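Worksheet for the structure shown next.
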Amino acid sequence: MEQFIESVRDGSLDFALAKPEDAQLIVSIRQIDIWRFIDIVLGLIVLVIALARLGEKVGLLQAGAFILMLVAGGIIVYSFFLILATLSFWLVRVENILTIFQSMYEAGRWPISLYPGWLRYGLTFVIPVAFATTVPAEALTGRLNWYTLLGAVGLAIILFAASRVFWRFGLRHYSGASA
């Protein structure tokens, strides 16, 4: 998303828009860092070791809810990030907003129950990083209720649709490098 913001500023977004593929897809996957897969593997190793040490038995329903919440959380974070990045069509320095979001995302690495109520509310509803971190962990440990599961899936669908609409709205207002 940071590269997308820079491409809006310097006009190189025009190259992505000229391609026959969907511009949002191109912008979203333009740069994939292969080394980040090491983080995923390490995370899975930590998860397996933690479950083994806790003696937790993970059932099929819990594993399915965990995967569903990981996907929903990823969609929520992606959509929120895309909405913030799309603001670059109108604002000059969106990087500062993204830095704040990334800091809040880092705070979301810990269970939100550790934070005071106002921050817990902010990490869940204002900047919804709890859906990417705490909610999948609750699903894995069997502490997730159906209302939260359905709410997370619903929020993922709504935010993805909203980010897509906002993206298309932003594209209509993008004047390009030649303007």
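Here, each number is a calculation from the coordinates, and none is a lab measurement. All values derive from a computational prediction rather than experimental measurement. Here the Cβ is made from the backbone with ideal geometry for all residues, glycine too, and neighbour counts use every protein chain on show.
Quick one: Debye curve from the alpha-carbon atoms of the stretch 40-104 only, equal weights, vacuum; give me log10 I(q)/I(0) at q = 0.17, 0.24 Å⁻¹ to two decimals.
For the stretch 40-104 at q = 0.17, 0.24 Å⁻¹, log10 I(q)/I(0) is -0.76, -1.03.
Hey, with R₀ at 22 Å, roughly what FRET efficiency would I26 and F169 work out to, going by the Cβ-Cβ distance, to 0.05? Spell out each step's value before the answer.
Working: r = 18 Å, r/R0 = 0.82.
Calculated transfer efficiency: 0.75.
Stokes-Einstein D for the stretch 130-172 at 25 °C, 0.890 mPa s, Kirkwood Rh over Cα pairs, in µm²/s? Provide the component values of the computation, followed by the final result.
Details: Rh = 11.6 Å.
Using the Kirkwood radius from Cα pairs, D works out to 211 µm²/s.
Could you give each residue of the stretch 145-151 its phi-based ³J(HN,Hα) in whole Hz, using Karplus coefficients 6.51, -1.76, 1.60 with θ = phi - 60°, and x for Gly or Pro?
8, 5, 5, 5, 4, 5, x
Rounded to the nearest 500 deg cm²/dmol, what is the calculated helix-only ellipticity per residue at 222 nm for the chain, with -39500 (n - 2.57) per DSSP H run of length n ≥ 4?
On the way: 9 runs with 123 residues, N = 179.
Using -39500 (n - 2.57) per qualifying helix, the result is -22000 deg cm²/dmol.
Once label points are set 7 Å from the Cα along Cα→Cβ at both V48 and K19, what is their separation, rounded to one decimal in nm?
About 3.5 nm separates the two model spin labels.
Post the alpha-carbon centroid distance, the stretch 47-115 to the stretch 5-41, in whole angstrom.
The two parts, judged by their Cα centres, are 20 Å apart.
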